[in-house]
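Below is one structure, written out as structure tokens; comments come after it.
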Amino acid sequence: MDFGFSADQEQLRAQVRRFLDSECPMDRVRQIMAAKEPHDRGLWSKIAELGWPALTIAEPYGGLGLAWEDLVVIAEEMGRSLFPSPLLAGAVAARVIAQMGSEGQQARWLPQAASGDLIATLAVLEESDDLSAAGVQLVAETNGEQVLLSGRKMFVAHAQAADLLLVAAREHGGVSLFAVPAHAAGVTVTPLRLIDRSQRAAMVALEAVAVDHADRIGAPGAAWPDLAGAMDAGTVALAAEMVGAADAALRLAVEYAKVRKQFGQPIGRFQGVKHRLAEILVDIESSRSLVYFASWAVDHQQDPRAAVSMAKAYASQALDRAGEEGIQVHGAIGFTWECDAHLYYKHGRYCRNLGGSPEYHHERLLVAQGL
Amino acid sequence: MDFSFSEREEAFRREVREFLAANNPNRGGGAAARGEGEDDLESAMDRLPKLLAWNQALVEKGWVGFHWPREVGGGGGGLIEQMILKQESGKARAPMLGLSYMGLAWVGPGIIKYGTEQQKRRFIPAILEAREHWCTGYSEPGSGSDLASLRCSAVRDGDHYVISGQKTWTSLAMWSQWMILLVRTDPAAPKHRGITCLLVPMDAAGVEVRPIKAMNGETPFAEVFFNDVRVPVENRLGAEGQGWDVTKHALANERSSIAEVTAMVNHLDDLERLAKKCKSNGRAAIEDPLVRQRLARMKTMVEAMRLTGLRFLTKQLRGDEIGAETSVNKLLRAELEVEIGRLALDIEGRYGALVKGSPGAIDNGKWQRQALTWPSYVIGGGTPNIQRNVIAERLLGLPHDV
Ligand SMILES: Cc1cc2nc3c(=O)[nH]c(=O)nc-3n(C[C@H](O)[C@H](O)[C@H](O)COP(=O)(O)OP(=O)(O)OC[C@H]3O[C@@H](n4cnc5c(N)ncnc54)[C@H](O)[C@@H]3O)c2cc1C
């Protein structure tokens, strides 16, 4: 029994921290937020050099062969910096290819994903925002040697930056998954305007997009269980990112509370302020424990749904509270565009329902436990 | 990360299970074992002979004072084995792992850390064997959260201290042979420095105990008066003026024992059973979406407590000291203690008003007792506001408010 990170993992964390502090401090994040480009290619190639996209990809395909808990180390630090990047979306897509793809498919896509030359993302959700298999209604129709995909995907993470979309479609009464080049004929990517500008997502319309049977990943109509499993891993990475963001919001508020004086003393001396901050730390430590465990569970448990749901639900609570309180502690300054507090708050609003709301995950937890 | 156990640890778990199957006084059913009716104080007293046999069986195994050093008579066990032992006995709903509750939770650790060789020999075996019970004399009428303001005094007279003053809220005072007592020995010193810790026999001349009845109808604690009580100097724990350090150590132990999760895990199981058997609006309460949300949130908090406990345990295994961190789980538990009772009574509906002994009372009034006893865990060991202060000041570095 050992519930802590190894020396290697701590080293990775320190490396990530140093990189983000020097290459992507908050004013850089703000530039990226304001930019029109789908993502920052310069930063992407630097993290590719550091091996971040390769982290969880198996060694035979040019990856580092590390575990999901290693990715979570990066995710937490990314959240702390609100680092805008398709990295996690790509890691989830690579996980899907590794778990469901044939050897040929893995050899075709994973080495490029590991080197950073290919950015892939999952396109599963549709307008219903239904997270179950029933939410997948996009039609796959066999047409001789080809399959035609028609329908519309919503909330596709970083589709703007993607080269490859892994599109879930209804086929044979079940869900199939197809690899679709993002620039294929009939694919239209329309960016969504998000409350949280550190993130990117798009609506993706497919109009009779033709793919080969060889582009189907996994058996026809049987993709859902593995797909759902990979999405759960993604939810854990997201929750780790949220914990990092919550911690950054808390630290910002704590530092301000130490220096801002009213009534002749630092406001951090008033219990109305310090007690709320203490409670947020309890939320953060609690969700950290749940997230770290869930990151282990997705690689080691048969059915990690309960662990994942608890992590996501609690991380939402932590970031919601940290985001809101972070603004309040700053007073009117907290309402300004210039103060960073709102960036964490907006991230919290966005992430709360991403991968399922706390209410959704509470319900799913009980179902997973047979209740 | 690694959540597996070694072969040796698994063997130990089997040994614990076998031991419990043979010695657990709650084995083979009974209300306490089914989680339908708590061990309240009265029934614990009725079962005393059985409990003493349990303690003795544990002692023979070296499982009381499990991780205490062998030199003092402890088990010399590792932290992981200790966790396994607690998990398994919790799961089996066995009584506490040793009856001398405060002796084991913080008096013993205090004596081991600060005591003389003679004190260790004198007190530790009796704690292990449950021959002597301890109570804790910190709080006074004028000193609760602000413990360091305490006024009960001890004046040196030759090779004795003479104690005069009053303590209050002293749990188990009327059943204890000994008290760990904080007194002021130097009124001129700064308030934290003038405090000394004494070990006082409760049958000393001049000690008077007046029980206090609590809101749940039980009598768990008492006022204790000291009228020129004389205790020998060798009963001092630590140096004169070192009492505050001794207490800080003890409080961290008390908080971490309150922050433990096994009791919460059992409560949750029982709550789940309750939600299945109670009806609300014509269906089982477990099908009510509001109940489900609340139950899931509680489960999530309990799991967080469990995992945070493991994370801190790992830190200890790697050689780090755990201090203010225990306040994190103490605060979580405070919230849970209140919410568990509230949710249970909400689930029971009208039946939530029926207490032990009433026709129609559910689970023999267990949840009513819970709903009337939470202050023990929430207020005892330091109130939530004090935990928040500890976290804000020691973990976040915010300024002291007082
Ligand atoms: C069941 C039970 C068993 C106990 N057993 C023992 C025992 O065995 N031995 C022993 O010595 N004591 C014992 N206690 C006493 C316990 O430690 C005290 O009750 C506790 O420390 C609080 O002190 P108080 O009751 O005087 O409340 P107070 O300190 O008067 O507090 C009253 C309220 O004011 C708040 N408050 C006080 N100071 C601050 C502050 N600085 N900032 C914000 N809020 C503040 C508190 O949070 C609380 O809500 C027991 C208590 C209970 C309920």
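The values are calculated or read from the model by the stated rules, or taken from the named source; none is laboratory data. Because the structure is predicted, anything quoted here is derived from the model rather than measured. As a convention, Cβ positions derive from the backbone with ideal geometry for all residues, glycine included, and neighbour counts pool all protein chains shown. SASA here: full protein model, heavy atoms, side chains in, ligands and nucleic acids out. Shrake-Rupley method; radii C 1.70, N 1.55, O 1.52, S 1.80 Å.
Put simply, of A:Ala113, A:Ala91 the only residue that is in contact (Cβ under 8 Å) with a residue 60 or more places away in the chain, in contact with a strand residue (DSSP E or B) (Cβ under 7 Å, 6 or more places away or on another chain) and crowded, with 19+ Cβ neighbours inside 10 Å is A:Ala113. Would it be correct to say that A:Gln265 is of a type in the set (S, T, N, Q) and within 8 Å of chain B (Cβ to nearest Cβ)? Against the criterion (of a type in the set (S, T, N, Q) and within 8 Å of chain B (Cβ to nearest Cβ)), A:Gln265 qualifies. None of B:Ile386, B:Ile391, B:Ile322, B:Ile340 is β-branched (Val, Ile, Thr), more than 11 Å from chain A (Cβ to nearest Cβ) and either touching an Asp or Glu at 6+ places or on another chain (Cβ under 7 Å) or closer than 30 Å to A:Lys258 by Cβ (or both) except B:Ile322.
With respect to the conditions (1) modelled with pLDDT of 95 or more; (2) touching a Gly at 6+ places or on another chain (Cβ under 9 Å); (3) of a type in the set (A, V, I, L, M, F, W, C), B:Met174 falls short on a single one, namely (2).
Apart from one condition, A:Arg305 fits all of (1) within 27 Å of A:Pro84 (Cβ to Cβ); (2) of a type outside the set (A, V, I, L, M); (3) open to solvent by 70 Å² or more (accessible area, probe 1.4 Å); the exception is (1).
Residues in segment A:336-367 that are touching a Ser or Thr at 6+ places or on another chain (Cβ under 8 Å), within 14 Å of chain B (Cβ to nearest Cβ) and open to solvent by less than 30 Å² (accessible area, probe 1.4 Å): A:Gly356, A:Ser357, A:Pro358, A:His361, A:His362, A:Leu365.
Could you list, in sequence order, the residues of segment A:317-335 that are of a type in the set (A, V, I, L, M, F, W, C) and open to solvent by 30 Å² or more (accessible area, probe 1.4 Å)? Answer for segment A:317-335, where residues must be of a type in the set (A, V, I, L, M, F, W, C) and open to solvent by 30 Å² or more (accessible area, probe 1.4 Å): A:Ile327, A:Ala332, A:Ile333, A:Phe335.
Residues in segment A:269-279: is at least one more than 10 Å from chain B (Cβ to nearest Cβ) and at pLDDT 95 or above?
Start the filter on segment A:269-279 by keeping residues that are more than 10 Å from chain B (Cβ to nearest Cβ), which leaves A:272.
Adding the requirement that they be at pLDDT 95 or above leaves A:272.
Taking every residue of segment A:269-279 in turn, at least one turns out to be more than 10 Å from chain B (Cβ to nearest Cβ) and at pLDDT 95 or above.
Taking each residue of segment B:157-178 that is without any contact (Cβ under 8 Å) to a residue 12 or more places away in the chain and within 14 Å of another protein chain (Cβ to nearest Cβ) and looking for partners that are within 13 Å of the ligand (Cβ to nearest atom) and acidic (Asp, Glu) with beta-carbon atoms closer than 8 Å, six or more apart or interchain, yields nothing.
Would you check which residues across segment B:115-143 are within 16 Å of the ligand (Cβ to nearest atom), in contact (Cβ under 8 Å) with a residue 24 or more places away in the chain and over 30 Å from B:Ala57 (Cβ atoms) and list them? Within segment B:115-143, B:Gly137, B:Tyr138, B:Ser139, B:Glu140, B:Pro141 meet the criteria.
Are there any helices (runs of 4 or more DSSP H) wholly within segment B:303-402 with 3 or more residues that are more than 16 Å from the ligand (Cβ to nearest atom), and if so which?
On the way: elements: B:326-348, B:366-373, B:375-378, B:384-390.
Qualifying helices (runs of 4 or more DSSP H): B:326-348, B:366-373.
Within segment A:1-25, being within 11 Å of chain B (Cβ to nearest Cβ) and either over 30 Å from B:Glu9 (Cα atoms) or in a helix (DSSP H, G or I) (or both) holds for A:Ala7, A:Gln9.
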